[in-house]
Every structure is written in C-alpha cells, then in structure tokens.
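Structure first, commentary second.
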Amino acid sequence: MQLKSLRCPNCNGSVRQIGDKRYVCESCGTSFIPDLDPEDVEAERIKAEAEVKKAKIQATEGIADDVKRRAMNMQAKRNALFIVVAVITVIAFVIISNAIRLFNDIALSMRRENDAQGAWELEQQARYAQSVEASIEAAAERSKAEEEARKAEIASYRLDVSELTADAFFAENAKAALRAAVDTRDSLVWNDWQWVGEPEYVTSYFLYTDKEMTFDRNKLISIYKVTWRKGEDDTKTYVLYFSTMLTDLSRKSDGTIASDYKAEQAIWHTETPINQPLDGFYDLDQLIREVIYGEKDYLWKEFDFSDQE
C-alpha cells in the first residue's frame with residue numbers, strides 16, 4: 001500500500017477525516033470521500049473482515065459475558081433466595097418454637113388450673129360429704145332424742161293404781177276435785193229439787209291403755225250415789241249414780257303424778273222421768289257398762305279411792 005498525501009482537489013487545502021471514509025477540506029469546507037485503488041480496496045476488505053471478526057469475537061465475548069453475568073445473577077438470586085429461605089426458616093423455627101413453648105405453658109397452666117379445680121372440687125365434695133354426714137348424724141341424734149323423749153313420755157303415762165294412792169298430794173287434790181264435780185253439776189233442772197243427805201262414794205276405776213297414743217290417755221273415774229227429792233215432799237225420793245273423772249294423768253320426772261285437777265262428768269246421760277237431761281243413772285250396773293266397759297281402747301282396774309276416809 002502506498003502512502004498518499006490527502007489534499008483538497010478544489011483548493012489544495014489540507015483535508016481531515018470526519019467520519020468513516022469521509023473527509024472535509026479545512027480551507028474551503030468541501031467534503032468528499034477518497035477514491036481507493038485496488039490495493040486500498042483489498043486493504044479495506046481485509047480491514048473490514050478483521051473488523052467483522054473482531055465484532056464477532058466481541059459479540060461472542062459479549063454473549064459469554066452476558067451468559068456469565070446471567071449465571072452470576074442467577075447464582076446471586078439463588079443465594080438471595082437461599083438466604084431468604086434460611087431467614088424464613090429461622091423465623092418460622094423461632095415462631096414455631098415460641099408457639100410450642102407458649103402452648104406448653106398454656107397446657108401446663110390449664111393442667112395446673114384443672115388440678116387446682118379438681119382439688120377444690122374434691123375439697124368441696126369432702127366438705128359436702130362431711131356436712132351431709134354431720135347432718136345425718138345430727139338428724140340421727142335428734143331422731144334418737146325425739147324417740148327417747150317419746151318413749152319417756154309414753155312411759156310417763158304407764159301408771160299403776162298404787163302410784164295414784166301413794167302420792168298423798170295427788171290423792172288429796174284428786175279426791176277433792178272429783179267430789180266437787182258432783183256438787184257443781186247442772187243436770188237437775190227443777191228449781192225445787194233437794195238432796196237427801198250428802199252424795200255417797202261408791203267406787204273408783206283407773207282406765208289405762210297399752211297403746212302409745214289415745215285422746216285422754218289415762219282416766220281416773222269415781223262413782224257417787226246421790227239421793228234427791230222434789231221440794232219438801234219426802235214421800236218419794238230418787239236415787240241416781242254419777243261418775244266424775246280426771247284425764248291425762250302422767251308421771252313427773254320426780255315420780256309424782258301430774259294432773260290439771262279439772263274434774264268433769266264422765267258421760268252425759270238421760271234416764272229420768274219425762275226424759276229430763278241428767279248425767280246420772282238409775283242403774284249402777286248400766287253406768288259401769290257404759291262408762292267403764294264401753295271404753296274399748298282401755299283396760300281398767302277397780303280400787304278404793306274414797307274421799308271420805
């Protein structure tokens with residue numbers, strides 16, 4: 001290749017290159033391209049091929065760099081993903097561990113609460129059982145006391161005739177009460193009736209029962225004979241038999257006899273002329289049959305309880 005001087009064909013001024021195969025005159029400003037000879041063309045071709053090869057090499061290197069860069073990016077992404085996965089795994093592990101610890105703490109707390117609740121319930125059940133047992137024992141004691149009191153009360157009504165006569169205070173006041181019940185009777189309705197003498201004591205009966213409860217329990221009955229007449233007419237007299245009684249007799253804790261001493265007639269009866277209401281009997285045996293034998297729930301004992309001793 002020959003070296004040639006580049007001069008402007010118009011003004012022979014100096015030429016400078018402004019681009020690939022383009023030139024401009026520094027004097028007149030004319031731009032032009034050089035006319036190459038065969039050698040230059042071949043050189044240019046070779047240069048162009050070298051440029052192409054260089055470009056291919058650069059392209060190949062660029063592709064390799066791109067692949068390498070992509071590989072590096074992919075590896076970086078993989079590393080980042082691994083780091084993220086590792087961090088997430090650690091966080092998840094921490095969260096799961098804390099959750100498990102919290103669950104265990106809650107389970108332990110619940111177990112303790114359940115144990116405490118169970119212990120409290122057992123304690124309450126034990127207290128309730130003790131209360132029930134105490135109530136049962138108290139009820140049994142009350143029942144026993146009531147039964148003993150009932151038996152004592154029943155026993156206090158199981159009297160004997162000898163106890164009635166042996167208690168001097170009772171005997172004196174009972175005789176007076178029984179006799180007074182004869183004096184205060186109001187069954188003779190005539191205004192002009194009169195006794196002939198004083199009522200005469202006949203006999204006494206003690207009525208008792210072997211049953212636990214009856215209405216009047218024990219009865220002490222005395223029978224009296226009363227003779228009476230109408231006005232001053234002593235040509236005809238009447239004889240009646242009256243019965244008076246004390247009820248609900250019992251024994252006190254000191255062994256003496258308990259009574260209210262409220263004597264009353266033993267039975268209301270009509271057995272007089274023109275059916276006048278009287279509690280007396282003309283027939284002593286009939287009085288005994290009705291007043292004594294007629295008490296089916298009672299046993300009886302006849303004894304002397306005279307108020308005229």
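Where a number appears in this text, it was derived from the coordinates with a stated rule and is not lab data. Given the structure is predicted, the values throughout are model-derived calculations rather than measurements. Backbone-built Cβ (ideal geometry, glycine too); neighbour counts: all protein chains shown.
Under 13 Å from the Cβ of Phe169, count the other residues' Cβ atoms, weight Lys and Arg +1, Asp and Glu -1, and hand me the total. Don't skip to the end; give the middle numbers.
Details: positive: Lys175, Lys252; negative: Glu163, Asp167, Glu172, Asp254.
Surrounding charge for Phe169 is -2.
Sequence neighbours fewer than 8 away in the same chain don't count; with that in mind, list the lysines whose C-alpha is under 29 Å from Lys56.
The qualifying lysines are Lys21, Lys47, Lys68.
If I stretch the segment between Glu200 and Gln75 completely, what's the gain in nm (0.36 nm per residue apart, minus their alpha carbon distance), one decimal?
Working: separation 125, 0.36 × 125 = 45.00 nm, distance 14.59 nm.
Net length gain for the segment: 30.4 nm.
Highest mean first, what order results for 166-176, 147-157 on Cβ atoms within 10 Å? Kindly include the intermediate steps, with their values, before the conclusion.
Numbers: 166-176: 15.5, 147-157: 12.4.
Highest mean packing first, the order is 166-176, 147-157.
Report the local net charge at Met74: Lys and Arg +1, Asp and Glu -1, summed over other residues whose C-beta lies under 13 Å from its C-beta. Walk me through the intermediate numbers first.
Numbers: positive: Lys68, Arg69, Arg70, Lys77, Arg78; negative: Asp66.
Spelling it out: positives minus negatives among the neighbours equals +4.
Which distance in nm do the two modelled labels at Ser135 and Ala176 give, with both placed 7 Å along the Cα-to-Cβ direction?
5.4
Given the pairs Lys54/Lys77; Lys225/Lys252; Lys219/Lys252, which are separated by over 21 angstrom at their Cα positions?
Working: Lys54/Lys77 33 Å; Lys225/Lys252 33 Å; Lys219/Lys252 16 Å.
In this structure, Lys54/Lys77; Lys225/Lys252 exceed 21 Å between Cα atoms.
With Cβ to Cβ distances under 9 Å as the rule, what net charge do the other residues near Leu249 carry (K, R +1; D, E -1)? Walk me through the numbers before you get to the answer.
Values: positive: Arg217, Lys219, Arg251; negative: Asp248.
Taking every other residue near Leu249 into account, the sum is +2.
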